[in-house]
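Notes to accompany the following structure.
Every number in this text was worked out from the coordinates using simple rules, so none of it is lab data. Keep in mind it's a predicted model, so treat the numbers as computed, not measured. In this analysis, Cβ positions are derived from the backbone assuming ideal geometry, glycine residues included, and neighbour counts consider all displayed protein chains.
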Amino acid sequence: MSYQDTYSESQVILTAVKIIAPFTLTYGLFMTFHGADTPGGSFQGGAIIGVTVLMLAFAFGIEPTREWLRNAVLVGLVAGGVAVFIGVGLAAMALGGNFLEYDRFFEVWGIRQKWGMEAIEIGGIALIVAGVVITLFFATAAGFTPTRTDGRGEDE
Amino acid sequence: MSAVAYTLVVFVLLTAVATALFRDVLSAIVVFGAYSLGMAILYTFLLAPDVAMTEAAIGAGVTTILLLLTIARTSRPSSDRIFERVNVPALVVCGAFLVVMLATVLPATEAVGDPEAIAWANPEVTGYYIENTYEDTGVQNAVTAVLAAYRGFDTFGEAVVVFAAGVATLLVLGREVFA
């Protein structure tokens, strides 16, 4: 399947992104999963994961990437992140504590406080930030097709 | 602060002024990205790696890309002049204001890392976090503990604000671009 929107003529961008993207994705995931014990956290990690997708879109074309990551998937990610955050907070209330009182998980289920925080960091904030960054990018870029040097793409 | 940090301060100031003065929007955006990168490195010198990472990812990365996309869809007026014309009376007023503010604020500012600084003068709050974070929450990064545990409800509000902003943007733009 070939797309009109692919930057096929720019070998520099394509090669650079192919090399860098695995490292940025790994770095973003590391920061998200390791934010409790090292600098960084899910906000920064989620932003870096989102930027990785933006890089892929720059290299492989914005429209093909947007078809690959449909709007419904992105909105689902963001809404799911908010739902996880609310869910953890309300679960602590259901167990008789205050909103986000992780101590209740330890007292009732034996889950250490740390895992409650990891749940809202990884399952909540990282998803929200990554999803919103990608959504904003596609909303700004939708319908935008760069003009080719040979004139292709002008009438799309 | 080391000589490298002072060089960074000069770099950040120069790029900030250049961002305001460049007439070509594309040049201004590129210089603004350099400004954000300089700020990110400066934050690491000020021992704030969490803020530095946010500045590098959001300020230098996402903001630059979104601004580039925005001007790519507008027209770029061509001009011979590189810099904007400076309004001299306004510059004098703003410069005088800046000098007065700096002369007032700088003498009262503590050195970076000063243990007697006002930030440490409230041991009930900051000292409590630093001493009890690991026992209370089991995580080693006090910033994460404050954000996710001690101030978890505030963070929840921030996350919902980001969510609401994203959804609102989709709703506004969606009618035009995804139709």
*Residue mean of other protein chain beta carbons inside 10 Å, B:144-155*: 6
*What do the square roots of 5 times the Cα gyration tensor eigenvalues come to for the range B:122-179, in whole Å, largest first, as semi-axes of the equivalent ellipsoid?*
38, 10, 7
*asked:* Can you order the peptides B:40-46, A:52-58, B:85-91, B:12-18 by their average number of other Cβ atoms within 10 Å per residue, highest first?
replied: A:52-58, B:40-46, B:12-18, B:85-91
*Most mobile of A:Pro22, A:Pro39, A:Pro64 in a GNM of chain A (Cα contacts under 10 Å)*: A:Pro39
*Please give the FRET efficiency for B:Tyr134 paired with A:Val75, using the beta carbon to beta carbon distance and R0 = 35 Å, rounded to the nearest 0.05.*
0.40
*Expressed as an acute angle from 0 to 90° and rounded to the nearest 10, what is the orientation of the C-alpha long axis of helix A:126-141 relative to the principal long axis of chain A?*
20
*Do the sum for chain A: with -39,500 (n - 2.57) for every DSSP H run of n ≥ 4, divided by all residues, what is the mean residue ellipticity at 222 nm, to the nearest 500 deg cm²/dmol?*
-21500 deg cm²/dmol
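Where nothing but the Cβ of Lys and Arg (+1) and of Asp and Glu (-1) is charged, how large is the charge dipole of the range A:3-141 around its Cα centre, in debye to the nearest 20?
Roughly 60 debye, rounded to the nearest 20.
So what is the calculated 222 nm ellipticity per residue for chain B, using -39500 (n - 2.57) for each DSSP H run with n of 4 or more, over all residues, to the nearest 500 deg cm²/dmol? Show your work: numbers first, answer last.
Values: 8 runs with 114 residues, N = 179.
Roughly -20500 deg cm²/dmol at 222 nm, from the helical runs in chain B.
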*Using a ≥ b ≥ c from the Cα gyration tensor of the protein assembly as shown (square roots of the eigenvalues), is it rounded, prolate or oblate, where a/c under 1.5 gives rounded and otherwise the larger of a/b and b/c decides, a/b for prolate?*
oblate
_In the protein assembly as shown, if the dipole is taken from +1 on Lys/Arg beta carbons and -1 on Asp/Glu beta carbons about the Cα centre, which of B:Gly59, A:Val73, B:Thr70 is farthest to the positive end?_
B:Thr70
*Largest to smallest principal axis extent of the C-alpha atoms in chain A, angstrom*: 67, 28, 23
*asked:* Counting only other chains, and only Cβ atoms inside 10 Å, what mean value do you get across the residues of B:55-67?
replied: 5
*Averaged over peptide B:34-43, how many Cβ atoms belonging to another chain are found within 10 Å of each residue's Cβ?*
0
*GNM result for chain B, Cα springs below 10 Å: residue of B:Met101, B:Met53, B:Met39 fluctuating most strongly*: B:Met101
*Let a ≥ b ≥ c be the square roots of the eigenvalues of the Cα gyration tensor of chain B; is it rounded (a/c under 1.5), or, if not, prolate (a/b larger than b/c) or oblate?*
oblate
*asked:* Can you give me the distance in nm between label points at A:Met93 and A:Ile20, each placed 7 Å from the Cα along the Cα-to-Cβ direction?
replied: 4.4
_Folded to 0 to 90 degrees: helix A:42-60 orientation relative to chain A principal axis, Cα_ = 20
*Along Cα→Cβ, 7 Å out, is where each label goes; now give me the distance between the ones at B:Ala111 and B:Arg73 in nm to one decimal.*
5.2
*Placing +1 at every Lys and Arg Cβ and -1 at every Asp and Glu Cβ, with all other atoms neutral, what dipole size does the protein assembly as shown have around its Cα centre, in debye to the nearest 20?*
860
